[in-house]
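Presented below is the structure to which this report refers.
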Amino acid sequence: QVQLVESGGGLVQPGGSLTLSCAASGSIFSIGTMGWYRQAPGKQRELVATITGDGSSTTYADSAQGRFTISRDNAKKTEYLQMNSLKPEDTAVYYCEAWIKSTGTYTYREVWGQGTLVTVSS
């Protein structure tokens, strides 16, 4: 069984920084595009950033552009989200997402992590 496990969430003051990690485990043959999403209380889940399988291309939501950096280490099957200059409006549960081809299968399927809470408050 393939799973994604996030870590690194917590409480941070406005203007502070935090790095989230997401590790994939299980019977994995290949990992394609990975991404980070977030869901604030009372709001819909929204895309934060994505990164291609080889890490050569990234995309960011306007709210994350210039402050957040997505990266990945394919050898460790892990993606990261470095968040700087955090604002109270960044408070949300952050979810990692990945398109994964399991061993013995022919297609990629979307897998989600359980989420990690980031709270930006003084």
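The values are calculated or read from the model by the stated rules, or taken from the named source; none is laboratory data. For clarity, every value in this text was computed on a predicted model and none was experimentally measured. So basically every Cβ, Gly included, is an ideal-geometry build from the backbone, and we count neighbours across all protein chains shown. What goes into the accessible areas is simple: the full protein's heavy atoms, side chains included, and nothing from ligands, DNA or RNA. Shrake-Rupley method; radii C 1.70, N 1.55, O 1.52, S 1.80 Å.
At-a-glance table
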item: Residue within the stretch 52-69 that is under 23 Å from Q13 (Cβ atoms), modelled with pLDDT of 95 or more, open to solvent by less than 60 Å² (accessible area, probe 1.4 Å) and part of a helix (DSSP H, G or I) present; result: no
item: Selection within the stretch 14-35 - among the aliphatic types (A, V, I, L, M) and either modelled with pLDDT under 95 or open to solvent by 20 Å² or more (accessible area, probe 1.4 Å) (or both); result: L18, A23, I28, I31
item: Residue list for the stretch 91-114, restricted to those being closer than 25 Å to L18 by Cβ and either of a type in the set (K, R) or not in a strand (DSSP E or B) (or both); result: T91, G113, Q114
item: Residue selected from the stretch 103-122 under the condition without any contact (Cβ under 8 Å) to a residue 40 or more places away in the chain and in contact with a strand residue (DSSP E or B) (Cβ under 8 Å, 6 or more places away or on another chain), by the criterion surrounded by the fewest Cβ atoms within 10 Å (Cβ to Cβ); result: T107
item: Restricting the stretch 1-27 to residues that are of a type in the set (S, T, Y) and not in a loop (DSSP other than H, G, I, E, B), the residue that is farthest from R38 (Cα to Cα); result: S25
item: Residue match in the stretch 70-84 (condition: touching a strand residue (DSSP E or B) at 6+ places or on another chain (Cβ under 9 Å), open to solvent by 30 Å² or more (accessible area, probe 1.4 Å) and at pLDDT below 95); result: no
item: Filtered residue count, the stretch 85-102, keeping only those that are open to solvent by 10 Å² or more (accessible area, probe 1.4 Å), more than 11 Å from the chain's Cα centre (by Cα) and touching a residue at least 60 places away in the same chain (Cβ under 8 Å); result: 6
item: Residue within the stretch 44-58 that is in contact (Cβ under 8 Å) with a residue 24 or more places away in the chain, among the polar types (S, T, N, Q) and in contact with a strand residue (DSSP E or B) (Cβ under 7 Å, 6 or more places away or on another chain) present; result: no
